[in-house]
Amino acid sequence: MQKIVIEGGHKLKGEVKISGAKNAALPCLFASLLTDQVCEFRNIPRLRDINTTLQLLAEFGVSHQVGRRMSINPVSVKHVRASYELVKTMRASVLALGPLLARTGRAEVSLPGGCAIGARPINLHLEALKKMGASIEIKEGYVLAKAKKLHGAKINFDDVTVTGTENIMMAAALANGETVLENAAREPEIVDLANCLRSAGVEIEGDGSATIHIQGRKNLGGITHEIIPDRIEMGTFMIAAAMTGSDFVISGGRMDHIEALVGKLDEVGVELIEVEKGIRVKAPKAIRYTDMSTAPYPGFATDFQAQFMALMTLASGSSVIVENIFENRFMHVAELNRMGANIKVEGNSAFVTGVKKLSGAPVMASDLRASAALVLAGLAADGITEIHRIYHLDRGYDRIEHKLRKLGARIKRTKVKF
């Protein structure tokens, strides 16, 4: 077991480069299951979830090589069972379901796990696959799916689902005829997956909108694709600058992917200035308060909620943060309060009264984005903060302590002594 130790109260300066997006890389790696040709990916981040995905691909009989480009060789799929031992650690493992079923006619995927931030059922995935001709059975904790050949269908999702949209996009790539997705997710990662599939020869229209059209093909070619930068990492570093009173440059990111966050940062006084190397982030003298509600893209992302709440703990006033996506995504509140924050929760709303200073304390991470919020709080706090259960952090941030240390943060990773 490891922990992160932060000596807070130090300003950051210099330049930080944004890594490839975890939430784009995972579906693209699973998309390699759709073809028997070699696939090459650039800008894959070094993350625990990436390693889990590669282990799953290996379980299916798919080999890979890691270098400047990651090469996946899916020439044959020998097995179609995604084991509970791996799936329980990463909810995105369910993305194996669509491509396995489309290519082999069978898939056995354990019901997913991952962060404990609320119920995230996959019924929308399963109902869509049934409409495409699959038979589905749940047995002993596994989804057992079969289909002689999937066919195109019109799918109208009852709720916006990112992984559901991705799963059905991949399944539709090898289905007979056209598949139309209504009420589809619109995230940049959806567009990135569409571009990935296009490189293999799939015809897709409408990605980035609520209606996506996919023309199925009999066979796909190899994939050559560069993963987009991680918008959540970019936003997290922007908030780090604001909370620590810092001024530094972020390179490699895309502000057009985080317009809702950019708008809120402008409201609280953060300056974002385009420079030759990227975006210069300049903290305000005093952080203004503002309210925020999470919503599906292009609204304010739930993956920024915990970090933005950490920012509001230091604002000059009171704010209300409403979580509309996941019912259990306020588990970081108790830990922030341990550090001197003043937050009260009622239902899906958190009422945050800003304080002058946070204080370092031992805290425990409950999920991926909560981990990031505690790192941000630790950077801004007086004294020493110890963050335990940082394996959550390693699922979604590429060597965050190294990047922060390069900016001048006093942060280190150490073993937990029992």
Most exposed first, judged by fewest Cβ atoms within 10 angstrom, 125, 392 run 392, 125
Taking every other residue with Cβ under 14 Å from the Cβ of residue 359 and scoring Lys and Arg +1, Asp and Glu -1, one gets -1
Computed, not fitted: 222 nm per-residue ellipticity of the chain from DSSP H runs ≥ 4 (each -39500 (n - 2.57)), nearest 500, equal to -8500 deg cm²/dmol
Expressed in angstrom and rounded, the centroid-to-centroid distance over alpha carbons for segment 45-100 and segment 343-418 is 29 Å
Across all Cα atoms of segment 244-297, Rg and the largest Cα-Cα distance (Dmax), in Å, are 11.9, 33
P(r) over all Cα-Cα pairs of segment 2-87, 5 Å bins from 0 to the longest distance, whole percent per bin, short to long, reads 3, 12, 21, 20, 14, 9, 7, 6, 4, 3, 1
Answer check: segment 133-286, Cα atoms, Kirkwood Rh, Rg/Rh ratio of 1.12
With +1 on the Cβ of every Lys and Arg and -1 on the Cβ of every Asp and Glu, the dipole magnitude of the chain about its Cα centre, in debye rounded to the nearest 20, is 1320 debye
The Cα extents of segment 307-418 along the principal axes, largest first and rounded to whole Å, are 36, 29, 29
Hydrophobic long helices for the chain, i.e. whole DSSP H runs reaching 30 angstrom or more by Cα along the axis with Kyte-Doolittle mean at least -0.5, come out as none
To the nearest 20 debye, segment 22-226 has a Cα-centred charge dipole, built from +1 on Lys and Arg Cβ and -1 on Asp and Glu Cβ, of 540 debye
Among 95, 199, 75, the residue whose Cα sits farthest towards the positive end of the charge dipole of segment 22-226, when +1 is placed on the Cβ of each Lys and Arg and -1 on the Cβ of each Asp and Glu, is 75
Restricting to aspartates and glutamates and to Cα separations under 15 Å from residue 218, and discarding same-chain partners fewer than 8 apart, the set is 36, 178, 203
Taking placed amide H atoms and a strict 5 Å upper bound, the residues 5 or more places from residue 340 or on another chain that come that close are 359
Pairs over 31 Å Cα to Cα, from 3/282; 17/344; 131/264, come to 17/344; 131/264
What one gets for segment 22-226 as the Kirkwood radius, inverse of mean 1/r over different Cα pairs in Å, is 16.4 Å
Expected sort for 234-242, 256-264 on mean C-beta neighbours within 10 Å, highest first, is 234-242, 256-264
Expressed in Å to one decimal, the Kirkwood Rh of the chain from all distinct alpha-carbon pairs is 21.9 Å
Note on segment 123-176: C-alpha Rg/Rh, Kirkwood Rh, two decimals, gives 0.95
Listing 397, 289 by rising number of other beta-carbon atoms within 10 angstrom, fewest first, gives 289, 397
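All of the numbers you see were taken from the coordinates with simple rules; none came from a lab. None of the values given here were measured: they were computed from a predicted structure. Glycine also receives a Cβ, built like all others from the backbone with ideal geometry; neighbour counts cover every protein chain displayed.
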